[in-house]
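**Student:** Okay, here's the structure, questions in a sec.
Every number in this text was worked out from the coordinates using simple rules, so none of it is lab data. All of these numbers come straight from a predicted model, not from anything done at the bench. Virtual Cβ from ideal backbone geometry, glycine too; neighbours counted across all protein chains shown.
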Amino acid sequence: VTTDESINAGNYHIKNCIFTNVAIRFFEYGINFSSVAYLNIFDKVLVYNCTTGILIDKGSASENGGQTRFYGCTTASCDTGFNLNSVNTSTGSFALFGCTLSEGDTGLVVGEECIVYMSGCEIESNSIAGLYIEIKEANPNSQATKYIVNNKFFTNGSDIWINKTIDAYAGGGFAFPMLIDGNVFLSDEGLK
């Protein structure tokens, strides 16, 4: 299930879609919404043996999307389970409830500027990170809130990895509101 960025540079709206009890396998992207995707619901969607299970990001010329919810979804044997607004780094909000991300390199990749609420999820057997957040801005004023509560991490890499890929902020730090509470960490490295 994919959008076509060659049409109007991906600048069109995908909203109010509901995917329920769908199984997708053996593609580069199980679901690829690179456009203005918002107000969508994924319920009990299974994506496995894909390079990226679910990618939601703004298109190269589009506005921000988000406001998307995932309920009981599973990605298995995907290099990346979920990738949410990290390619073109945009705002928006996402919530994952009771999802399972297993047997991949990275369970969930999220952009620094989007709000994420993740609860009751299991992230397992990932060799790089269960949750990966890359900070790309050199001097950010603030980043969007991440709520990581009541999840279970048992990975072969870092459970949560916040990676500032450019030089450190010279002003003494930056606001990065994050709540990590009530999680179970069963790996050697809980937070990197």
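**Student:** Please enumerate, by chain and number, the lysines with C-alpha under 21 Å from the C-alpha of Lys146, excluding those fewer than 8 residues away in the same chain.
**Tutor:** Lys58, Lys136, Lys164, Lys192
**Student:** Right, next: Which whole-number percent gives the relative contact order of the chain, counting Cα pairs below 8 Å spaced six or more residues apart? Write out the running numbers ahead of the final one.
**Tutor:** Details: 627 pairs, mean separation 26.8, N = 192.
With pairs under 8 Å counted, the relative contact order is 14 percent.
**Student:** Have a look at Leu179, Leu131, Leu108 and tell me which one the Gaussian network model of the chain (Cα, springs below 10 Å) gives the largest fluctuation.
**Tutor:** Leu179
**Student:** While we're looking at this one, here's another question. Could you tell me which of Leu191, Phe70, Leu55 has its Cα farthest along the dipole of the chain towards the positive end, charges placed at Cβ (Lys, Arg +1; Asp, Glu -1), taken about the Cα centre?
**Tutor:** Value computed over the given set: Phe70.
**Student:** What are the ³J(HN,Hα) values, in whole Hz, obtained from phi via the Karplus relation 6.51 cos²θ - 1.76 cosθ + 1.60 with θ = phi - 60°, for each residue of region 95-101 in sequence order, with x given for Gly and Pro?
**Tutor:** With coefficients 6.51, -1.76 and 1.60, one gets 9, 10, 10, x, 8, 10, 10 Hz.
**Student:** Treating only the Cα positions of region 30-149 as identical point scatterers, give the base-10 log of I(q)/I(0) from the Debye formula at each q in 0.16, 0.23 Å⁻¹.
**Tutor:** Calculated log10 I(q)/I(0) at the listed q: -0.67, -1.40.
**Student:** Still on this structure, please answer the following. Using the Cβ atoms and a cut-off under 12 Å, what net charge is assigned to the surroundings of Thr52, where Lys and Arg are +1 and Asp and Glu are -1?
**Tutor:** Every neighbour counted, the sum reads -4.
**Student:** Still on this structure, I have one more. So what is the relative contact order for region 1-101, in percent, with contacts set as C-alpha pairs under 8 Å and at least six apart?
**Tutor:** Once divided by the residue count of region 1-101, the mean separation gives 26 percent.
**Student:** If you bin every alpha carbon distance in region 63-134 into 10 Å steps from zero, what whole percent lands in each bin?
**Tutor:** 23, 54, 23, 1
**Student:** How would region 33-73 be classified by its alpha-carbon gyration tensor: rounded, prolate or oblate, with rounded meaning a/c under 1.5 and the a/b versus b/c comparison settling the rest?
**Tutor:** Because a/c hits 1.5 or more and a/b fails to exceed b/c, region 33-73 counts as oblate.
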